[in-house]
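The values are calculated or read from the model by the stated rules, or taken from the named source; none is laboratory data. All values derive from a computational prediction rather than experimental measurement. Cβ placement follows ideal geometry from the backbone for every residue including glycine, while neighbour counts extend to all protein chains displayed.
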Amino acid sequence: MASRAPIQVMADEDGSSDEPGVAAVNRALSILDAFTEDAPMLTLAQLSQRTGLYKSTILRLMQSLESYGYIHRLDSGVYMLGPSPIRLAALATKALHPAELVMPVLRELVQATSESASFYVRSGTMRLCSFRVDSPRAVRDHVQVGELLPLDKGAAGHVLVDFERFASDADTLGAESLIRITRGERDVETAAVACPVFGEKNALQGALSLSGPITRFGDAEVAAMIPVLIAAARTLTIRFKGNPSAFSFANATFG
């Protein structure tokens, strides 16, 4: 692994280049917290206004944040979050959803349907592929674990948006109403069917999906996938200590 280049520390406006460790961390975290869904890209002036920090202080801290991949500076001078928060989000997701709980269910889904099975979680304004088992077929869709996809396109994205808002009412929904289906929405050649997975107090844990070439996701094929997918989502909901009553029409379990 290549070593990082030394970071040249700039002085603050008062001429001091040293800063207590806790204060420096707090200021760096306040910079990261300044980015929101409504403001994913910020100028130096906007960061100063949102954090209350001097521009010189922000610039000095930015050297470390950029070096470690937490911030990315565009050629225009605008700042955005870098890849490191995404990497940490993926690690946190895996800690919350251990592979030994999710992967057996995905493998059985693939075995039952011969299509790719994925587990997605929300990551800001995107969705993150946290776990995946690829279809054994030569022709399939291609998504990598850790890949970010649009939240507003694809069946899994719709699940993450729709059921984050209505998760508290999950136990009043019929199993069929949990399903989202898209064809050619994110990619013209790809289709998907997805279902939510719940945890304690009906909190949305993620979206379980089957995806593949649109030619294999006709009405009859999807109708056959739905009960299998619902049974798998019910199993994961139980494993995440959620209430399986939303899946009352699916008695089968996976894994």
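Out of 237, 215, I need the residue that is under 20 Å from the mean Cα position of the chain (by Cα) and either at pLDDT below 95 or in a helix (DSSP H, G or I) (or both). Which one?
Numbers: 215 fails: under 20 Å from the mean Cα position of the chain (by Cα).
The conditions single out 237.
Starting from residues that are modelled with pLDDT of 95 or more and exposed (fewer than 15 other Cβ atoms within 10 Å of the Cβ), keep the ones in the stretch 79-121 and report whichever is nearest to residue 45 (Cα to Cα).
Result: 107.
Look at the stretch 131-151 and say how many of its residues are touching a Leu at 6+ places or on another chain (Cβ under 9 Å) and in a strand (DSSP E or B).
Residues that pass the stated criteria total 5.
Can you report the number of residues in the stretch 218-231 which are under 20 Å from residue 128 (Cα atoms) and at pLDDT below 95?
Count: 0.
How about the stretch 191-207: which of its residues are surrounded by fewer than 24 Cβ atoms within 10 Å (Cβ to Cβ) and either touching a Ser or Thr at 6+ places or on another chain (Cβ under 6 Å) or acidic (Asp, Glu) (or both)?
Residues of the stretch 191-207 surrounded by fewer than 24 Cβ atoms within 10 Å (Cβ to Cβ): 199-204.
Correct list: 200, 202.
(1) touching a residue at least 24 places away in the same chain (Cβ under 8 Å); (2) in contact with a strand residue (DSSP E or B) (Cβ under 9 Å, 6 or more places away or on another chain); (3) in a helix (DSSP H, G or I): which one isn't true of residue 112, the others all being true?
Of (1) touching a residue at least 24 places away in the same chain (Cβ under 8 Å); (2) in contact with a strand residue (DSSP E or B) (Cβ under 9 Å, 6 or more places away or on another chain); (3) in a helix (DSSP H, G or I), only one is false for residue 112: (2).
Filter the stretch 179-233 for residues that are in contact (Cβ under 8 Å) with a residue 40 or more places away in the chain, touching an Asp or Glu at 6+ places or on another chain (Cβ under 9 Å) and of a type in the set (Ser, Thr, Tyr) and give the result.
190, 211
Could you list all residues from the stretch 67-77 that are surrounded by 14 or more Cβ atoms within 10 Å (Cβ to Cβ) and either touching a strand residue (DSSP E or B) at 6+ places or on another chain (Cβ under 6 Å) or under 12 Å from residue 44 (Cα atoms) (or both)?
Residues satisfying the conditions are 71, 72, 73.
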